[in-house]
Amino acid sequence: MPQALGIRQGAVSKLLSRADARGIGQIPQHFSGESPFEIAQRFVVGDITRKTLIRELSAWPYESCNNPKSTASDRGSGPKRHSSLCGVTAALEANLIDEQDYEQIVHAIRAREEPIADFHT
């Protein structure tokens, strides 16, 4: 592939290392963006449909907004907007998604996190 683009493999590796150092990571498999906020951005520009937006943001492996390891960028104010639900809240506040989308996403997340009742007695 690099040869088809007219660049050497070493140059590709160097570019990827620089991107990683700047906080630009790989897009997780089965998602359209590196973060919930980026997925919302892709929706706004028409790269993905509303159905895909809702599905991906409902399935994202969220971390807590209050995670002691999280930084301002993790909470939605910086370039990464990593894995917390704060990225979805930031997307709502930036008008990338509407209240109805937000409520649908939060409802789906809560539904998947509720413990399944154990009826075995």
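The values are calculated or read from the model by the stated rules, or taken from the named source; none is laboratory data. No experiment lies behind these values; they were computed from the predicted model shown. In this analysis, Cβ positions are derived from the backbone assuming ideal geometry, glycine residues included, and neighbour counts consider all displayed protein chains. The area values use the complete protein model at the heavy-atom level, side chains included, leaving out ligands, DNA and RNA. Shrake-Rupley method; radii C 1.70, N 1.55, O 1.52, S 1.80 Å.
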**Prompt:** Once the other residues with Cβ under 12 Å from the Cβ of ARG42 are scored (Lys, Arg +1; Asp, Glu -1), what is the net sum?
**Reply:** -3
**Message:** Going by amide H atoms built from the backbone, whose H comes under 5 Å of the H on SER84, apart from near neighbours?
**Reply:** GLU63
**Asked** What does the accessible area of ASP101 come to, in Å² to the nearest 10, when a probe of 1.4 Å is used?
**Response** 10 Å²
**Gain in span if fully extended, ARG8 to GLU113, counting 0.36 nm per residue against the direct Cα distance** = 33.3 nm
